[in-house]
1. Give the residues of the stretch A:4-17 that are crowded, with 18+ Cβ neighbours inside 10 Å and within 9 Å of DNA strand C (Cβ to nearest atom), sorted by residue number.
2. Taking the stretch A:24-38 as the region of interest, how many residues are modelled with pLDDT of 90 or more and open to solvent by 30 Å² or more (accessible area, probe 1.4 Å)?
3. If you go through the stretch B:94-106, how many residues are out of contact with any helix residue (DSSP H, G or I) (no Cβ under 9 Å at 6 or more places or on another chain) and open to solvent by less than 50 Å² (accessible area, probe 1.4 Å)?
4. Out of B:Y41, B:Y55, which single residue is within 12 Å of chain A (Cβ to nearest Cβ), in contact with a strand residue (DSSP E or B) (Cβ under 7 Å, 6 or more places away or on another chain) and open to solvent by less than 50 Å² (accessible area, probe 1.4 Å)?
5. Does any residue of the stretch B:64-72 turn out to be β-branched (V, I, T) and more than 15 Å from the chain's Cα centre (by Cα)?
6. Just to verify a result, which residue in the stretch B:49-97, among those that are at pLDDT 85 or above and aromatic (F, W, Y), is nearest to DNA strand C (Cβ to nearest atom)?
7. In the stretch B:58-93, what residues are in a loop (DSSP other than H, G, I, E, B), within 16 Å of DNA strand D (Cβ to nearest atom) and surrounded by fewer than 19 Cβ atoms within 10 Å (Cβ to Cβ)?
8. Does B:R20 satisfy being within 15 Å of DNA strand D (Cβ to nearest atom), over 24 Å from the mean Cα position of the chain (by Cα) and either more than 11 Å from every other protein chain (Cβ to nearest Cβ) or open to solvent by 20 Å² or more (accessible area, probe 1.4 Å) (or both)?
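The values are calculated or read from the model by the stated rules, or taken from the named source; none is laboratory data. Computed from a predicted structure; not experimentally measured. Backbone-built Cβ (ideal geometry, glycine too); neighbour counts: all protein chains shown. These area figures cover heavy atoms from the full protein model, side chains too; ligands, DNA and RNA do not enter into them. Shrake-Rupley method; radii C 1.70, N 1.55, O 1.52, S 1.80 Å.
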2 protein chains.
Amino acid sequence: MDYTIGEVAQLSSVSERTLRYYDELGLVCPKRDRQQLYRLYSKEDLKRLQTVLFYRELDFDLATIKAIMEDSGFSIVQALEDQRQRLLAKRSRLDNLLHTLETTIAEQRGETTMTDKERFEGLKKSLVEENEKKFGKEIRTRYGEETVAKSNAQMMGMDEKTFNEMQELSTLLLEKLVEAEKSGDCRSPLARQVAMMHKQWLAYTWPSYNAEAHANLVRMYVDDERFNAFYLGKAAFLRDAVLALLDERQA
Amino acid sequence: MDYTIGEVAQLSSVSERTLRYYDELGLVCPKRDRQQLYRLYSKEDLKRLQTVLFYRELDFDLATIKAIMEDSGFSIVQALEDQRQRLLAKRSRLDNLLHTLETTIAEQRGETTMTDKERFEGLKKSLVEENEKKFGKEIRTRYGEETVAKSNAQMMGMDEKTFNEMQELSTLLLEKLVEAEKSGDCRSPLARQVAMMHKQWLAYTWPSYNAEAHANLVRMYVDDERFNAFYLGKAAFLRDAVLALLDERQA
DNA sequence: TATACACCCTCACGTTACGTGAGGGTCAAG
DNA sequence: CTTGACCCTCACGTAACGTGAGGGTGTATA
């Protein structure tokens, strides 16, 4: 039993305009009535729409949602589990935000004080959310959803201390990269150190290390201007340093 | 001790572009360094920014946030309490959404079944959110934040049964309105019935009834095309019917 | 003194995800 | 036949920024 677009809009509270837009984007594509060209949505279309809406609720952009759902390894069950973890994380963040708000109320009553930093606790996006926003779609097309989901799950479980360590390592890595690149020698001891630091950095988010994935990753950095920018325009040098390290490991 | 825009951006994780945009909009307006024209944010500016960010987190559009904070009755304490209620409601909705998602996972495992309607439970915006999105700014400029906040609090606490009754009354009211307007007599028994139904409808969301507010409300409907559209282009008739009822009450 | 760097300024084009008509077609009921 | 319900495509507009382009001030260093 199929539904017309108006019926689906009513059922789901998604506007007709939005449903047409999702059709146009290839997100949820109903078949068409032969005569009038009306869109006719099946049960499967409704399930697919639900998945889209869950991802939308989690602030994924539509291009990324599309990439996820087109991944060769995509399965509804896995998506649902992924979404569940994210919703739990979102709930956690909301609790944190409530805490900040309640502290602010107490501050107004003169019952406590807040630092300027504490004032914005919970109002920031998490690292995972920032990454998804910047790089989500491209990473998925290269590595597939399964790897990304596992990586994100690991990051979501990260405590503040580990997170800070990771940030510090990242900062130091960038400093060393700039320094090592000056020599132009991707096999120098400093360059080697940079490559090893990069590997260590990956350990924070990868479930397990894989040399081939590492090599592919640094190659991707060179191809994508945003990653190159993150590595201060020195993605090519980082690639060479990492590849040199990996060659050495295999020799 | 003042902060530069870069420092605030770092502290709050709000981009410099966003901070400049909020200055331009009149949301958070720092003083300027006399020489360089740098923006200098005070402690009070930070508090104000926090309030903006809480409202943003609650999906308020910036124009509405501005209207709220410019209201003559605005106070930070009240805003924080309002925001707290909303965050709790948002958390509730998130729980509801989690439940839907977990039911969907169980469905996938063949452990349960879902209706097409249930599939979208928790993914819809609440009545309050819809109202804020459509009418929030204008209502505030007319009635002040206090009245609106109380009305919204009442709606947020409304259970599904009451909500459905309210919807049914609304539907019936519109039908009767169309019918009564055909006679052109705003003092007919049917017109009177419509006016009383409208009053009853208001009782669902108003903490207490006030004839003057009712009169002002129906006058506003005529002035604002969106409300007029909601009342099927018959806002003027509704106004006259309500004013007739209120005259009769005072006679 | 000149240069480089850090940080800030304004201006303006572009993006995403729709909202809102304009103009038009099909089908069923009166 | 007319009207109303529902759907179609097309296209302009909106909100909230993101992303440079182009430029100025102050400080540290060679």
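1. Within the stretch A:4-17, just A:V14 meets the criteria.
2. Residues of the stretch A:24-38 modelled with pLDDT of 90 or more: A:24-32, A:38.
Those still in the list that are open to solvent by 30 Å² or more (accessible area, probe 1.4 Å) too: A:24-25, A:29, A:31-32, A:38.
The total comes to 6.
3. Quick first cut of the stretch B:94-106, residues out of contact with any helix residue (DSSP H, G or I) (no Cβ under 9 Å at 6 or more places or on another chain) only: B:96, B:99, B:106.
Pick out the ones that are also open to solvent by less than 50 Å² (accessible area, probe 1.4 Å) and you get B:106.
Number satisfying all stated conditions: 1.
4. Details: B:Y55 fails: in contact with a strand residue (DSSP E or B) (Cβ under 7 Å, 6 or more places away or on another chain).
Exactly one of B:Y41, B:Y55 is within 12 Å of chain A (Cβ to nearest Cβ), in contact with a strand residue (DSSP E or B) (Cβ under 7 Å, 6 or more places away or on another chain) and open to solvent by less than 50 Å² (accessible area, probe 1.4 Å), namely B:Y41.
5. So the first thing to find is which residues in the stretch B:64-72 are β-branched (V, I, T), and the list is B:64-65, B:68.
Subset that is more than 15 Å from the chain's Cα centre (by Cα): none.
Among the residues of the stretch B:64-72, not one is β-branched (V, I, T) and more than 15 Å from the chain's Cα centre (by Cα), which makes the answer no.
6. B:F60
7. Taking the stretch B:58-93 first, the residues in a loop (DSSP other than H, G, I, E, B) are B:58-61, B:71-75.
Among the residues that remain, those that are also within 16 Å of DNA strand D (Cβ to nearest atom) are: B:58-61.
Matches in the stretch B:58-93: B:L58, B:D59, B:D61.
8. Values: within 15 Å of DNA strand D (Cβ to nearest atom): yes; over 24 Å from the mean Cα position of the chain (by Cα): yes; either more than 11 Å from every other protein chain (Cβ to nearest Cβ) or open to solvent by 20 Å² or more (accessible area, probe 1.4 Å) (or both): yes.
When the stated conditions are applied, B:R20 passes them.
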